[in-house]
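What follows is one structure encoded as structure tokens, with my remarks underneath.
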Amino acid sequence: MSRPRILVAMPVFDEVLARLGEVFEVDAPCGSDDYIEWTHEALVARLQGCVGVAVASSPRIDAALLAACPDLRVVASMAVGYNNIDLAACTARGVLVSNAPDVLTETTADFGFALMMAAARRITEAEHLLRAGRWTHWAYNLLSGADVHGSTLGVLGMGRIGQAIARRGALGFGMKVVYHNRSRLDASIEQQLGARWVGKDELMREADHLVIVVPYSAASHHLVGAAELALMKPGATLTNIARGGVVDDAALALALRERRLFAAGLDVFEGEPGLNPDLLTLPNVVLTPHIASASVPTRRAMAELAATNLIAALGLGPDAGRPPTALNPEVLALR
Ligand code: 8YV
């Protein structure tokens, strides 16, 4: 009997491809290290005859693609954020969607904290100065930055990753934690984290270091724009590890240039892998290419979880019919 066919649309660990190969006929055009920037047409052509596809935060899976790929039954993402996938359209067509939460929480929180600290303490700026041979003498004011310990951490988006960042700030760095989220946490969790819910404007005003971890959606587009930036303290930092588009990058670049904000740390960008060219000219921003979850064990765990979801959602393996992190499990009941 022929095996069901799947497409792995992004590069992935050889071991994960081998595991998928035990149950599927696997089309893996990226292998373990070739990235493909899929056009809609190329992806549609490649998906013909496929019942499953493994993706990450790209490519885009929308209603037009689903209509052109009638065999598709499962979309398994190795990312936690799934704004590239039209979940409602998938559900309407009976296509199961899964993402990869939890396995990346601590690694991503570590990175968010590192980026925030790098911005506050001017670490990349300092390294550039040194590498360029411009370190000529000790000076009391050489690259002095902002303190992190004992300051106020503002968390915008208090989901799993936001809470992990709050824990680091409160327990490790003695920070006062304020947060804003659509829904308030239980009082017991607020107490554990030592975190206080505030309105969004108050968060902007109070934070010495703002970390943004809110999922992207139409509702969170430019959640932090010129008006919000204008509320922030001139000595504050802003770190975005959420998604490009949650922050208005042009407004942020202007605020950084005019020193209305001390510094920023950005791992995600509007239009990535491109980015606003103004950001590249500013010394007071630390820029990284969407790598917050990129530790080897975590990236492996994300890919393994996507594989587990794909296998189970297609009725195979030990978890057949029970994909562990399905976003629309209701579609399985209708099959
Ligand atoms: C991924 C992420 O590495 O999980 C997410 O939502 O943003 C990252 O952890 C990235 O999406 C892979 O494309």
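General remarks:
- From ALA255, ALA187, ALA195, ALA236, residue being among the hydrophobic types (A, V, I, L, M, F, W, C), free of Cβ contacts under 8 Å to residues at least 12 places away in the same chain and over 23 Å from ASN83 (Cβ atoms): ALA187
- Every condition in (1) over 24 Å from VAL53 (Cβ atoms); (2) surrounded by fewer than 19 Cβ atoms within 10 Å (Cβ to Cβ); (3) small (Gly, Ala, Ser) holds for ALA120 except the one numbered (2).
- Listed here are the strands (runs of 3 or more DSSP E) enclosed by region 1-107 that have at least 3 residues being in contact with a strand residue (DSSP E or B) (Cβ under 9 Å, 6 or more places away or on another chain) and either within 13 Å of the ligand (Cβ to nearest atom) or farther than 30 Å from GLY162 by Cα (or both): 5-8, 25-27, 52-55.
- Of all residues making up region 263-296, the number that are open to solvent by 50 Å² or more (accessible area, probe 1.4 Å) and either away from the ligand (no atom under 13 Å from the Cβ) or not in a loop (DSSP other than H, G, I, E, B) (or both): 10
- Selection of first residues in region 34-60 that are open to solvent by 10 Å² or more (accessible area, probe 1.4 Å) and of second residues that are hydroxyl-bearing (Ser, Thr, Tyr), restricted to Cβ pairs under 7 Å at least 6 apart or on distinct chains, gives the following pairs, ordered by first then second residue: ALA56/SER77.
- Among the residues here, HIS128 qualifies as over 22 Å from the mean Cα position of the chain (by Cα), farther than 16 Å from GLY52 by Cα and outside any loop (DSSP other than H, G, I, E, B).
- Filtered by the rule that a residue be open to solvent by less than 10 Å² (accessible area, probe 1.4 Å) and more than 29 Å from SER58 (Cα to Cα), region 233-247 gives a lone residue, ALA236.
The values are calculated or read from the model by the stated rules, or taken from the named source; none is laboratory data. This structure is a prediction, so every number in the text was calculated from the model and none was measured. Backbone-built Cβ (ideal geometry, glycine too); neighbour counts: all protein chains shown. SASA here: full protein model, heavy atoms, side chains in, ligands and nucleic acids out. Shrake-Rupley method; radii C 1.70, N 1.55, O 1.52, S 1.80 Å.
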